Number of protein chains: 2
Amino acid sequence: MDQRTIKWGIMGCGGISGSFAKDLKLAEGAELTAVAARSQEKANRFAEQYGFARAYGSYEEFLNDADVEIVYVGTIHPLHKEQVLACLEAGKSVICEKPFTINAGEAEEIARVAREKKLFVMEAMWSRFLPPLVQTREWLAQGLIGDVQLVKADFGFDAGWNPEGRLLNKAQGGGALLDAGIYPVSFASMIYGAQPKNIMSSAHIGETGVDERFSLLFEYEGGRTAALGGAIRLNLQNDAYVYGTKGYIRIPNFLFAKEASLHVYGEDAVHIQDDRQFAGYKFEAEAAMACLRSGKLENDVIPLDETVGIMDTMDRIRRQWGLSYPTE
Amino acid sequence: MDQRTIKWGIMGCGGISGSFAKDLKLAEGAELTAVAARSQEKANRFAEQYGFARAYGSYEEFLNDADVEIVYVGTIHPLHKEQVLACLEAGKSVICEKPFTINAGEAEEIARVAREKKLFVMEAMWSRFLPPLVQTREWLAQGLIGDVQLVKADFGFDAGWNPEGRLLNKAQGGGALLDAGIYPVSFASMIYGAQPKNIMSSAHIGETGVDERFSLLFEYEGGRTAALGGAIRLNLQNDAYVYGTKGYIRIPNFLFAKEASLHVYGEDAVHIQDDRQFAGYKFEAEAAMACLRSGKLENDVIPLDETVGIMDTMDRIRRQWGLSYPTE
């Protein structure tokens with residue numbers, strides 16, 4: 001197996017980029033080549049903190065760094081489309097934070113350009129690469145819980161009242177659905193391998209005009225359902241359950257999963273534990289590098305068509321609430 | 001306090017009546033006076049097994065037993081209305097299994113007659129009287145978790161495929177909503193003290209024409225919601241969660257609750273455990289007797305207007321599914 005090193009760049013030096021960078025250092029064959037921020041000072045500090053070779057105070061200069069092969073885009077969602085397209089124009093592969101874009105139209109545009117340019121692009125849905133989620137897909141593929149009939153997943157946290165902060169700020173793509181909801185919505189998509197036929201939803205839109213919490217009820221073919229929820233001003237138990245005719249799978253704190261259990265009725269429960277001492281972004285980085293090394297342009301675990309489908313589901317939900325963003 | 005004994009009768013000698021009778025023996029001041037079934041043999045067996053003084057093979061004879069002061073009605077739901085009204089006609093107080101009736105119209109009729117005749121009537125929503133649920137109401141009344149914004153509760157079990165059995169049989173009032181759904185729907189009603197403003201729902205209607213599983217999304221004033229589910233052919237984790245702005249309450253296996261925990265953010269969790277060695281129907285029997293002794297015609301924990309409101313919510317849900325029963 002070709003284990004050539006892959007030269008990484010990071011666009012955006014905020015919190016999530018830091019978390020990713022910290023894990024990237026642990027990913028086998030990753031070279032920490034360059035970072036970019038809107039200010040040189042911020043970029044310098046980030047590069048020094050996480051061990052990147054070069055720091056740029058402008059995205060243009062960064063994209064002219066011919067060494068960078070793949071870019072992790074960790075900026076706020078409204079900037080994703082423009083920045084991913086700029087990376088592709090510069091001939092670079094991309095993994096882009098979720099939500100991948102503000103809406104499905106933007107995601108489709110990226111998918112189209114990536115295919116035209118034959119460059120690797122992947123939504124940074126890191127949770128899917130965590131060992132308990134990989135194990136969950138294996139249990140499902142083996143049919144151990146029978147036919148899945150109900151999926152439940154929530155992601156809710158209380159970020160406090162900070163109307164100027166990103167989460168509650170409409171101009172910055174704030175709101176619970178885009179920020180937190182992407183996880184349960186993506187989880188349901190992963191389990192069913194499809195987007196919902198019908199969507200029922202409820203949202204509490206707060207003073208800043210974005211959704212602070214929401215509940216979703218998805219219907220799929222064959223009477224299968226998903227009951228999902230999320231919040232940015234309410235802590236929830238962020239566990240996921242997959243209920244089948246023969247048993248169920250439970251994933252505590254599913255998006256950060258360190259464990260999962262398989263409960264087949266009439267048999268002893270099987271529990272798996274991941275004792276990793278790092279956050280877990282390493283796995284998505286390694287998955288992206290494996291694609292680059294083997295010449296694959298998409299990752300089977302989260303292909304672009306599914307990313308577009310998930311964004312379309314998010315659009316359908318927001319239409320029910322009458323919630324749109326300034327860039328739309 | 002007047003601790004006079006109360007003479008009990010039981011109508012219907014099926015499984016739930018047996019469970020109730022077993023606990024009734026433990027209830028202070030309860031006298032096991034008479035039971036009735038459609039066959040004398042069945043009534044005799046039941047009376048002997050649970051220690052009742054007299055057994056009747058006809059409901060008419062049973063209702064003529066002047067000693068019986070309060071009747072527990074434990075028959076199938078389609079018979080409730082007629083039988084509760086017959087009890088009231090005979091001058092007897094009643095506690096009637098849930099669902100109280102098939103629909104709100106029937107429940108209203110019972111409430112009207114009970115008030116006319118000044119007789120005590122109560123829905124046998126036994127779970128509300130279990131110590132962990134009593135504690136939950138106290139925690140809520142003290143405002144310990146702040147404003148409640150989301151209630152979650154499921155009750156799902158897999159009763160197998162028995163199309164002739166009561167659960168899947170439309171003529172016998174089968175279906176997941178009436179049989180299992182009454183618990184989460186009633187739980188949400190208890191927490192919010194109101195019926196939902198808007199209801200969204202999904203049901204899987206099976207071959208026998210009744211719902212085998214369902215999901216509900218209730219909206220209340222102020223953006224509060226409840227996400228509920230139930231099934232008669234799918235096992236679920238039957239836990240309830242009440243999420244507030246300052247913390248949450250968790251009640252594992254909520255309808256049979258033996259424990260509950262209070263989680264106020266920033267404080268140590270409080271856990272209460274009920275080590276009872278009996279099912280827990282005793283508490284509702286004692287609550288009913290306390291009302292009889294003090295001359296109250298309804299129990300504040302589950303007053304008739306709320307029972308009617310809950311049945312109306314069930315009606316609204318069934319209308320969304322186009323599900324009606326032969327007696328409607």
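The values are calculated or read from the model by the stated rules, or taken from the named source; none is laboratory data. Since the structure is predicted, the reported quantities are computational estimates derived from the model, not experimental observations. Glycine also receives a Cβ, built like all others from the backbone with ideal geometry; neighbour counts cover every protein chain displayed. SASA here: full protein model, heavy atoms, side chains in, ligands and nucleic acids out. Shrake-Rupley method; radii C 1.70, N 1.55, O 1.52, S 1.80 Å.
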If you take the residues of the range A:139-154 that are surrounded by fewer than 22 Cβ atoms within 10 Å (Cβ to Cβ) and among the small types (G, A, S), which of them is farthest from the chain's Cα centre (by Cα)? A:G146
Go through (1) in contact with a Phe, Trp or Tyr (Cβ under 7 Å, 6 or more places away or on another chain); (2) surrounded by fewer than 20 Cβ atoms within 10 Å (Cβ to Cβ) one by one and return the number of the condition B:I102 breaks. (2)
Consider B:Q273 carefully, then state whether it is free of Cβ contacts under 8 Å to residues at least 12 places away in the same chain, more than 12 Å from chain A (Cβ to nearest Cβ) and among the polar types (S, T, N, Q). no
Name every residue in the range B:217-230 that is touching a Gly at 6+ places or on another chain (Cβ under 9 Å) and either of a type in the set (D, E, K, R) or more than 8 Å from every other protein chain (Cβ to nearest Cβ) (or both), in order of residue number. B:L228, B:G230
Are any of the residues in the range A:82-100 over 23 Å from A:M314 (Cβ atoms) and assigned to a helix (DSSP H, G or I)? yes
So B:E207 fits all but one of (1) in a loop (DSSP other than H, G, I, E, B); (2) facing chain A (nearest Cβ under 8 Å); (3) open to solvent by 30 Å² or more (accessible area, probe 1.4 Å); what number is the exception? (2)
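Just checking, which of A:V308, A:V264 is open to solvent by less than 50 Å² (accessible area, probe 1.4 Å) and either closer than 27 Å to A:G29 by Cα or assigned by TED's automatic domain parsing to the domain that holds A:L144 (or both)? Break it down stepwise before answering.
Details: A:V308 fails: either closer than 27 Å to A:G29 by Cα or assigned by TED's automatic domain parsing to the domain that holds A:L144 (or both).
Within the list A:V308, A:V264, the selection yields A:V264.
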Conditions first: (1) assigned by TED's automatic domain parsing to the domain that holds A:A141; (2) over 26 Å from A:R166 (Cα atoms); (3) under 23 Å from the mean Cα position of the chain (by Cα); (4) buried (at least 20 other Cβ atoms within 10 Å of the Cβ). A:I232 passes all but one, so which condition is the exception? (2)
Looking at the range A:1-40, which of the residues that are of a type in the set (S, T, N, Q) and within 17 Å of the chain's Cα centre (by Cα) is nearest to A:G295 (Cα to Cα)? A:S17
In the range B:162-204, the residues that are away from chain A (no Cβ under 14 Å), part of a loop (DSSP other than H, G, I, E, B) and surrounded by fewer than 24 Cβ atoms within 10 Å (Cβ to Cβ): B:N162, B:P163, B:E164, B:G165, B:N169, B:G173, B:G193, B:A194, B:Q195
Name the pairs: first residue in the range B:184-204 and under 15 Å from B:L150 (Cα atoms), second residue open to solvent by less than 20 Å² (accessible area, probe 1.4 Å) and modelled with pLDDT under 95, Cβ to Cβ under 6 Å, at least 6 apart or on different chains? none
